[in-house]
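Rule-based calculations on the coordinates, nothing more; no lab input. Predicted, not measured: the structure shown is a model, and the values here were computed from it. Cβ sites come from the backbone with ideal geometry, for glycine too, and all protein chains shown count toward neighbours.
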Amino acid sequence: MHISIVYALPHEQFLEELDVPEACTVEQALHMSTVLMKYPNIDLAVNKIGVFAKLVKLTQELHDGERIEIYRALPRKPRSAHAADDKKERIRAKKERKKVEE
């Protein structure tokens, strides 16, 4: 059975294609891969794992052609980052208006 494993960092992407036995679980495939050796910061107890963008448990059996995705934590949610930047801009604009009024 042929599967692939992907992991993405901001400036580096990892893609490995493997042939694994039938009834192989997500966790078994990850241990057969070189991804855990190459990126020791991946913690299967912490990092979320998905198959084609759907979260899965490590015990899920794989099917031919599936892609395991290892997700990493993002520093800030993009929506929160935009909201924080917008709030800073509103505060800055308000201060500038006060200076002009004085």
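Worth pointing out:
- When the residues of segment 1-32 are filtered to those that are within 14 Å of the chain's Cα centre (by Cα) and aliphatic (A, V, I, L, M), the one that is farthest from Phe52 (Cα to Cα) is Leu9.
- Residue count for segment 21-56, restricted to those that are among the hydrophobic types (A, V, I, L, M, F, W, C) and touching a Leu at 6+ places or on another chain (Cβ under 7 Å): 9.
- Only listed residue being out of contact with any Asp or Glu (no Cβ under 8 Å at 6 or more places or on another chain) and among the hydrophobic types (A, V, I, L, M, F, W, C), chosen from Ile68, Ile3: Ile68
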